[in-house]
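The values are calculated or read from the model by the stated rules, or taken from the named source; none is laboratory data. The shown structure was predicted, so the numbers you read here are calculated from the model rather than taken from an experiment. Using ideal geometry, Cβ is built from the backbone for each residue, glycine included, and neighbour counts are taken over all protein chains shown.
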Amino acid sequence: MSHRDVIIACDFSSAAATLAFLDKFTDRKPFVKIGMELYYAEGPSIVREIKARGHKIFLDLKLHDIPNTVKKAMAVLSHLDVDMCNLHAAGTIDMMKAALEGLTRPDGTRPLLIAVTQLTSTSEERMRRELLIDAGINDTIVHYARNAREAGLDGVVCSPLEAGMVKEACGSGFVTVTPGVRFADGEVGDQVRVTTPARAKEIGTDYIVVGRPITQAADPVAAYERCMAEFAE
Ligand code: C5P
C-alpha cells in the first residue's frame, strides 16, 4: 500500500513565522516537517501547537548517540504524538532497535521511524577520504537501508533517484521519504540531485519533502496543491 503524501519542510526560525505560514492553509491541512532549527528555537510547544491545528508532523531531529541515550530520547518524543521521526542509520542496528523500543508507547502504537542513510551533502569522495568508508555511495545507502529494515524500522530518507534501488533491496513496503523535489519550471537552489513531483511518483517514492518551492512561492497554497496534484492524486 502506498502512503503517498507531500510533506512541507517548515524551515522557519520562529513559531510566529511558522504559524503565519500555516494560517494560509484553510482548506487542507498539510503534513509538515519540523527540523532542528525550529525545534531548537521553540521546543516541544511548537510541535504541540501544530498538532493541535490538525497537521501530521514529521519531526526531523536525526538522532545519533549511544543506544541507551537514543532509547530514552525517543521515549520522550513518543509523548509528543508526532507521526514520523528519524535517526542516523550510522548509529548501528543496536541503536536503531533501542530507538524503536523507546518510541513504542505502552499500547503498542508508535510514530513511523525512518533512518537517514548517507546525507545527500556527503559525496562519495568525502565518504572515502574522511569517513574511511571504502565502498560506493549507492552500495553504502542500500547497506544502511538493509540495516534499518533488519532493526525493524519503517524506511529511509533518500534522494528520489535512490528510492528505486532502496525499494528493490528492501521491498516495496519499505517506506522512502525523499527531499530534493523541484517543479520542472522552478528554481533548483542549492539542491543538486533533484526531480519533479510527477517523476517522484513514477519512481514510486512514498513521501516527498518539499520546502522552498512551497514556502517561498508567491502563493504557497497553490504550490502545495500543485505538488499534491502531480504527486499524490
Ligand atoms: O527547500 P527544500 O525543498 O530544498 O527543502 C528540503 C528539506 O529537506 C530541507 O528541510 C532539508 O534540510 C531536508 N533534507 C534535504 N536533503 C536531505 C535530508 C533532508 O534536503 N538529504
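Which one is nearest to E162 (Cα to Cα) among residues in the stretch 120-141 that are within 16 Å of the ligand (Cβ to nearest atom) and of a type in the set (V, I, T)? Among them, the one singled out is I141. Restricted to the stretch 18-60, and to residues there that are loosely packed, with under 15 Cβ neighbours inside 10 Å and among the aliphatic types (A, V, I, L, M), the residue that is farthest from the ligand (Cβ to nearest atom) is A52. State which residue is nearest to V157 (Cα to Cα) when the search covers only the stretch 92-140 and only residues that are in contact with an Asp or Glu (Cβ under 7 Å, 6 or more places away or on another chain) and modelled with pLDDT of 95 or more. Out of the qualifying residues, it is I114. Criterion applied to R149, R212 was being farther than 19 Å from C85 by Cβ and out of contact with any Ser or Thr (no Cβ under 8 Å at 6 or more places or on another chain), and the one residue passing it is R212.
State whether the residues of the stretch 195-206 include one that is in contact with a Gly (Cβ under 8 Å, 6 or more places away or on another chain) and of a type in the set (V, I, T). Within the stretch 195-206, one or more residues are in contact with a Gly (Cβ under 8 Å, 6 or more places away or on another chain) and of a type in the set (V, I, T).
Candidates P213, P197, P179: the one that is surrounded by 19 or more Cβ atoms within 10 Å (Cβ to Cβ), more than 17 Å from L119 (Cα to Cα), within 15 Å of the ligand (Cβ to nearest atom) and in contact (Cβ under 8 Å) with a residue 60 or more places away in the chain is P197. The residues of the stretch 122-139 that are surrounded by 14 or more Cβ atoms within 10 Å (Cβ to Cβ) and closer than 13 Å to A90 by Cβ, listed by number, are T122, M127, I133. Look at (1) within 22 Å of D83 (Cα to Cα); (2) within 15 Å of the ligand (Cβ to nearest atom) and you find that G204 fails only one, number (2).
Here E168 clears all of (1) more than 22 Å from T196 (Cβ to Cβ); (2) free of Cβ contacts under 8 Å to residues at least 12 places away in the same chain; (3) away from the ligand (no atom under 16 Å from the Cβ); (4) not in a loop (DSSP other than H, G, I, E, B) except the condition numbered (1).
Elements of the type helices (runs of 4 or more DSSP H) sitting completely within the stretch 12-56 and holding at least 1 residues that are without any contact (Cβ under 8 Å) to a residue 24 or more places away in the chain and in contact with a Pro (Cβ under 6 Å, 6 or more places away or on another chain): there are none. Can you confirm whether the stretch 224-231 contains a residue that is more than 12 Å from the ligand (Cβ to nearest atom), at pLDDT 95 or above and closer than 29 Å to H64 by Cα? Within the stretch 224-231, none of the residues are more than 12 Å from the ligand (Cβ to nearest atom), at pLDDT 95 or above and closer than 29 Å to H64 by Cα.
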